[in-house]
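Heads up, the thing below is written out as structure tokens.
The values are calculated or read from the model by the stated rules, or taken from the named source; none is laboratory data. Note that the coordinates shown come from a computational prediction; the quantities given were computed from them, not determined experimentally. Here the Cβ positions follow ideal geometry from the backbone for every residue, glycine too, while neighbour counts run over all protein chains shown.
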Amino acid sequence: MIIHTVKNGDSLWKLSQNYGVPLSHILVANGLSEQSILVIGQAVIVPTEPSPASHKVLAGESLWQIGQRYGVTLQELASANGIRNPALIYPGQMLKIPTTAKPVIEVNAYTEKLEQNGVAIVNEIGEYLTFLSPFSYRVQPDGSLRPLDDTAIIAAAYAKRAAPMMVITNFVDGNFSPDIAHAVVADEAVQNRVIAGIVAVMAQNGYMALNVDFEYVPPADKELYNAFLQKLVDTLRPQGYLVSSALAPKLSATQTGTLYEAHDYEAHGRILDFVILMTYEWGWSGGPPRAVAPLNEVLKVVNYALSVIPANKVVMGMPLYGYDWTLPYVSGGRWAPTVSPFAAVERAAKYGAEIEYDEESQSPFFYYYDEQGAQHVVWFEDARSVQAKFDVVKRLGLRGVSYWVLGVSFPQNWFVLGENFTIKKYVR
């Protein structure tokens, strides 16, 4: 594929003609229609033809054109064919088209949509998932689990060979509860009831893995939390289940704050099958405008994780959404609503905005004025930003990626994911 940044005068038809790609292919890859309006600065995926083993040069073709056709750089083509001067090719010459095997990774996605809307989403993108994680079974103070109506979504997952992953949380009344976390890790009777409930649900509902998302665990309970995870592994691993945790985005072992202190990266990496780094929400609904998952910040967390956890146990979190902030930002004021990447581009088109791209965070953004004259800034994700994150996964040899959260429209992500990786499947 080629990721084209829209310039003044571009149209979908022109892109089709310039790259020699059927318009329908461009529309499908980007989730667009023929009526879609392009925005200056927008990232548009141009699918290329599958690379053959070789290509016979036609009259008038240049090495650059051939590379564009197959999604290969001029330099890669020249190197593969021992060409020192790219201008010196001739009709009838047979060129080797370099190809590389796609790395195999695991892909998880959390979903809060469990009924027909959720099933429809899984039917659409389930082929790209290793795990599907319905969110969530909420642990109660007595150790019981609040039921989840997950039958339909689990059936949809299996139909797409996505392994259902059970998620337990200490979430209650819109927040993560330190008290519930403490009750579980500090009281053996409560803990035993939680584990018994997990075993029963996993066996009855067909879950293949467990994800523990306990947040704001009291710092004094760090070792108790580690011991709880070890007990889960000792119980579940002999039964063939994988066990994982969600980790707050830490930069060091000594980072202070209730969100971070009880999340022991080294211990989780040693005890569990894998960890999911929650590398998003730098830009968040109630905070000042910035990229949701700025790559420069994400890398700091990943690099710390890799200093104490093997790369094949590290799953990098990725957001499927952005935010639209009203300016000027006022602390404690109106929270920014969530916006899907697809809707963000439509909003830019509606208000005549030009999309910019921040190189440091590797994230797109734009400004606009609404009908009331208020200025807004929107930070979101696009094909360029997810490609930049996938490049990190490949370069560092990470286990995979995990998405928060299904239900926001981002067709480009799934196309780019499929072009970069082969998705591991546990369901046969």
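Taking the range 16-37 as the range and being buried (at least 20 other Cβ atoms within 10 Å of the Cβ) and without any contact (Cβ under 8 Å) to a residue 60 or more places away in the chain as the test, the residues that pass are Val21, Ile26, Leu32.
Take the conditions (1) of a type in the set (Ser, Thr, Tyr); (2) surrounded by fewer than 23 Cβ atoms within 10 Å (Cβ to Cβ); (3) under 21 Å from Gly41 (Cβ atoms); Ser331 misses just one of them, which is (3). Only one of the listed residues (Tyr280, Tyr329) is under 18 Å from Ser363 (Cα atoms), touching a residue at least 12 places away in the same chain (Cβ under 8 Å) and among the aromatic types (Phe, Trp, Tyr). That residue is Tyr280. Considering the range 42-62, the residues that are over 25 Å from Lys7 (Cβ atoms) and among the hydroxyl-bearing types (Ser, Thr, Tyr) include one that is nearest to the chain's Cα centre (by Cα), namely Ser51. The single condition from (1) under 18 Å from the mean Cα position of the chain (by Cα); (2) under 30 Å from Asp234 (Cα atoms) that Ile271 fails is (1). Taken residue by residue, the range 47-54 has at least one member that is modelled with pLDDT of 95 or more and either under 17 Å from Gly418 (Cα atoms) or not in a loop (DSSP other than H, G, I, E, B) (or both). The set of residues in the range 212-245 being acidic (Asp, Glu), under 18 Å from Thr169 (Cβ atoms) and out of contact with any Ser or Thr (no Cβ under 7 Å at 6 or more places or on another chain) consists of Glu215, Asp221. Tell me whether the range 72-90 contains one or more residues that are of a type in the set (Asp, Glu), touching a Gly at 6+ places or on another chain (Cβ under 9 Å) and buried (at least 18 other Cβ atoms within 10 Å of the Cβ). Checked against the condition, which is being of a type in the set (Asp, Glu), touching a Gly at 6+ places or on another chain (Cβ under 9 Å) and buried (at least 18 other Cβ atoms within 10 Å of the Cβ), the range 72-90 yields no hits at all. Could you say whether any residue in the range 328-344 is in the same structural domain as Ala220 (by TED's automatic domain parsing), among the β-branched types (Val, Ile, Thr) and farther than 21 Å from Trp414 by Cα? No, every residue in the range 328-344 fails to be in the same structural domain as Ala220 (by TED's automatic domain parsing), among the β-branched types (Val, Ile, Thr) and farther than 21 Å from Trp414 by Cα. Within the range 58-81, none of the residues are closer than 29 Å to Phe380 by Cα, of a type in the set (A, V, I, L, M) and in contact with a strand residue (DSSP E or B) (Cβ under 6 Å, 6 or more places away or on another chain).
Sub-8 Å Cβ pairs linking a first residue in the range 302-317 that is closer than 15 Å to Lys394 by Cβ to a second residue that is of a type in the set (Asp, Glu) and at pLDDT 95 or above, at least 6 apart or interchain, are Val315/Glu106, ordered by first then second residue.
Across the range 238-259, a minimum of one residue is classified as charged (D, E, K, R) and either crowded, with 20+ Cβ neighbours inside 10 Å or closer than 30 Å to Ser340 by Cβ (or both).
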